[in-house]
1. At 1.4 Å probe size, with every protein chain present, just tell me what the per residue accessible area of the stretch 702-780 comes to in Å².
2. Taking 7 Å along the Cα-to-C-beta vector as the label spot, tell me the Y724-R298 distance in nanometres, rounded to one decimal.
3. Taking only protein heavy atoms into account and a 1.4 Å probe, give the accessible area per residue of the stretch 1-122 in Å².
4. Return the carbon/sulfur percentage of the accessible area of the chain, one whole number, probe 1.4 Å, all protein chains in place.
5. Would you mind calculating the relative contact order of the chain from Cα pairs under 8 angstrom and at least 6 residues apart, reporting the percent as a whole number?
6. Going out from 0 in 10 Å bins, what whole percent of all Cα-Cα distances in the stretch 337-447 drops into each bin?
7. Give the share of C-alpha pairs in each 10 angstrom bin for the stretch 355-395, from 0 to the last occupied bin, in whole percents, shortest bins first.
8. Full-extension gain between V85 and A709, please, as 0.36 nm times their residue separation minus the C-alpha to C-alpha distance.
Amino acid sequence: MRDLLGGKGANLAEMTRVLGAQRVPGGFTITTEACVAYRSAGHRFPPGLDEELDQALAELERSAGKRLGDPADPLLVSVRSGARVSMPGMLDTILNLGLNDDSVNGLAERTGDERFAWDSYRRLVAMFGNVVREIPSPRFEEPLQKAKDERGVELDSELDAGTLAALTATYKRVYEEQTGEQFPADPGLALRQAVAAVFESWDGERAITYRRLNSIPEDWGTAVNVQRMVFGNRAASSGSGVAFSRDERTGAPQPSGDFIANAQGEDVVAGTRTPEDLDSLGARLPEAHAELLRTLSRLEAHYEDMQDVEFTIEEGELYLLQTRNAERPAQAAVRFARDAVAEGLLTREQALRTIDAEALDALLHPVFDPGREYAVLTRGVAASPGAARGAITLSAAEAVRRGAEGEDVILVRPFTEADDVAGFHAARGILTSQGGKASHAALVARGMGRPCVAGASEVKVDEDAQTVRIGDLELRAGEMIAIEGSTGAVTTDEVPLVEPEISDDFREVLAWSDELRRLGVRANADTAEDAARARSFGAEGIGLCRTEHMFFGADRTDLVRGMFVAAERWRRAELRRRSEDANGDRDDDDFATARGEFDAALERLEPLQRADFAAILHEMRGLPVTVRLLDPPLHEFLALEHFETELAALAADSADRPRATSALEIVRDLQEANPMLGTRGIRLGFLYPQVYEMQVRAVIAAAAEATGAGDLPEIEIMLPLVAYETEVIQLRERMVEVAERARRDAGSEVPFRIGTMIELPRACLVADRIAEHADFFSFGTNDLTQTAIGLSRDDVEGSFMPSYLERRILDRSPFETIDVPGVGELVRIGTERGRRTDPGLSCGVCGEHGGDPQSIRFFDSLGIDYVSCSPYRVPIGRVAAAQAAIG
C-alpha cells in the first residue's frame, strides 16, 4: 500500500505485521490522499480529518497506556513525512511532540533524567519553530552556541539541565518574537500544526527541486507518520543506531552499521557524537545485538532485498523505527544480487529486480577516489558519468590543438554546438554553464563516453578575457580543474581518479540478463575505438554508425567543407549548362572544373571512409553494423563565420580571394532559418547523390576486405530522415546499383541490406508503404521527439524546459525518457504498420532513449527487436532489457 501510506508508512505497517507490535512502536499514518485533499482544499484540513486524527490518537494512547501531554507521564510522538519514494532530507520531521511546561517535569521524573527532559523540550521548540512557523534556524543556533561558549563546552550533550532549561526559555522567547504567539501549550493543537507543516513541506522549495530532478509527480503528495517515541538515552543499557543487513558499501554478507550508547537517533544522524560500529553493540548488549541480527535476516528475506534499519534500544529492549531497501552503490548492488542467488535467498529474476540499472553507469567510468575528500566549488547537472581532470580550455579548436600535444584538457563552454564536436574528442571532459541532461553537450558526451557536467549556472565563462569565474574564484585558461559527471561536482583539488573494472559479480549479473532478455542490445559507434569498447561491454552489433562524425577533425573538416562547396558549384554549373544548352549556347568549362573539384574531394574522402569502415567491421567481427549515410545539417560544416574569417584573412590582391569570395557567396546562399528541418538526411542524397555513392562504395569495399579476413560482416545501409516512400524507392534503386557494382569490382558477394531511419511523424504514419521498399526500420527517437513535439533538443534545456518541469506540464525531459503517449505511440504505429506489410521486418531504436531503462521497458512491450545506445550504456541496456522481460 505504498501509494496510499507512503514508503515509510507502508514499511512500518508491514514490519508491525511481520515482527509484531512489541518490536515496532505504535503509531498511525495519515495517507497521501489526505495531503492531496489538503492541497485541493486551499491548504486546510479536509472534512473528517480532525475527527479521524482524534480517533487514531486515542487508540495510540490506549495501546501505549499514556496520554499526549499528560503532566505525570506524557506520551511523546514523532511526526514524520513519508512519500511513495524515498526523498532523503527533502521533507520535514518533528520529534518529541507532546511536551509543554508541565509535561517536561513529568518526563524528567518518569525517566529520572532531568537533563534529557529539558534537552528534548528545547529541541522540540526549535524544530517546531523552524518547520511549522518557518523561523530561520540561526535564530535558535546562535543562543545554543552562546550557551556552549559561556560554559566552555563543544557539544550539546555537555550542557547541564539548568542550562538547557534556560535555553528552552530563550527559544520560546524567540518563537514569540518571530510569530507574535506563545509556543503552543496544547499538544493536540501542536500535533495538528505539525501534520499541516509536513503537508506543506511537500510544496517546499527543496521538495519541488528534488521532485523535478527525479521525475516525481506533484500530485502524489506525502503521507504523515505519527509514532510513539522510544528513548535510547535512558541508561547504559540503551542506545540508538542504524543497521544494514549487509555491508552497505560493498554488499558483502556481513551486517554493518553505527551505534551510539545512551543516545537518541538524531545524535546518530546529526553526527554530534562519534558512533561505534555494530560489533560494539554485541559487547555492550549481547542479547539485543543477537536479536537485531536475527531481525535483519528476517526482514531481508521478507522484503527480498538488502535492508537499512533504524533501531533504538530502550533499557535492553530492541525497537525497530523504520526499514527500507538499502541505498547502495552499484558494486554493492551486483554483489548482493549474486550472493542472494547463491544463498538461495532469491531467484535470478528476483535478484535482477533489486538492481537499479541506471546506477550501473558508475561501474563503467573512472570516478574520484571515494576515500579522498575534496572541496566542491559548485555543482551542475550530472549529465554524463565519469571523472576527468585537465587544463581549462575555452574553445574546441584550442582543445584539439592542446590535446594533439598530449595535454589533458577540460572543455569549458557556456553551451556547446555541433562545431564543438572535434573538441569533445580531444577533451577529457566537458563543463557547461547552460543546458541539462538532454542538451547537445550531454548527448554527445554520453555517446563518446566523456564525463560531462552541464548547467553549472555559477560557472561564468569570459572567452574574451580567457577566464572562468565560479563564485568569487577566478580561474584562467590553462589552470587545472576537475569534474565528476556522476555527481555534477566541480573542483580544483587534485583528486585521484580510480579506473573501473567489471567485476566477476557484474559479469555474472550480465550473463543472467542475456539469458532472460528478449531485446537485443547494440551500440551507437562511429570509430573503431568505440566499436571495440562496445564489443567489450557485450554489444550485439552497431545499431547506428553516424558517418558525419567521421568527418570531424583537423584533417577532415576542411576537406568536407571543400567537398560541399565544390558539390554546390558543380550542381549550379550543371543547372546553368542545361539552361545554356536549351538556348544553344552551351559552355562546359565551368561544369568540368566544378565537377573535377568535386570528384577530387570524393576521391580523397573515399579511402578514409573505407579505412574507417574496415576498422569498425574488424572490431565487430561478423556482428551487424548499421551505417547511416551522411546526415548533418549543412551548417555543421558550412558555418558562415568560418568562411567570413577565411576571406578576411586574405589580402586584397591575393590570388585566392576570388575563390574565397565565391565560396562565401555559396555558403550564404545555403544558410537556412531552420537547418535541422532543412537540407539534411536523404535530401542531401538527392542534391549530391555522388556523396552517398562514395559512402556505399566505401562500405562495400570494407565489407569485402573483412570477408577476406574471415570476419563475415553483416552490413545494413540506412537512408536517414525519410518522409515519403518515393524517396526510398528512388534513392534505394540508385544505391543498390552502386553496391552491386562495388561488389563486382571487389570480386565478393558480401551481403547487404538497405533500410531506413524512421525519425519523422509522417514516416511512422506511412510505414506500411515505406516497408515495401525497406529491409529494416531503425527509429531515431531523438529527431522523432523533436519533430513530434516541436521542441529543439539543443535549445529547450536553457529556456522553458525548467519552467515546464516546475509547472508539471512535463514530469521529465522527453529527450531523456520516451514520451509514451505521443512519441511512443508513433513508434508503435510505425512498428505495427511496417510489420503489417512485412511481418518479418526488423525494427530497432537507435536514439538516446535506447539506453534509458524506463524507455527500454516500453520498447520491449512493443516487440522491438533491438535498442542501440552509447557503448558505455550497453551493460545498462542488457540489465534493463532483462528487467523488462521479467516484468
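1. Working: 3130 Å² over 79 residues.
With all protein chains present, the stretch 702-780 gives 40 Å² per residue.
2. 7.3
3. Working: 5410 Å² over 122 residues.
Heavy-atom accessible area per residue stands at 44 Å².
4. Values: 16930 of 36870 Å².
Within the chain, the accessible surface is 46 percent carbon and sulfur.
5. Numbers: 1764 pairs, mean separation 86.7, N = 887.
Answer for the chain is 10 percent.
6. Taking every Cα pair in the stretch 337-447, the percentages come to 13, 35, 27, 13, 10, 2.
7. With 10 Å bins starting at 0, P(r) equals 19, 50, 27, 4.
8. Values: separation 624, 0.36 × 624 = 224.64 nm, distance 5.40 nm.
Once the chain is fully extended between V85 and A709, it gains 219.2 nm.
The values are calculated or read from the model by the stated rules, or taken from the named source; none is laboratory data. Everything quoted here is computed from the prediction, not taken from an experiment. Cβ: placed from backbone, ideal geometry, glycine included. Neighbour counts: every protein chain shown. Each accessible area value is taken on the protein alone, full model and side chains, heavy atoms only, with ligands, DNA and RNA left out. Shrake-Rupley method; radii C 1.70, N 1.55, O 1.52, S 1.80 Å.
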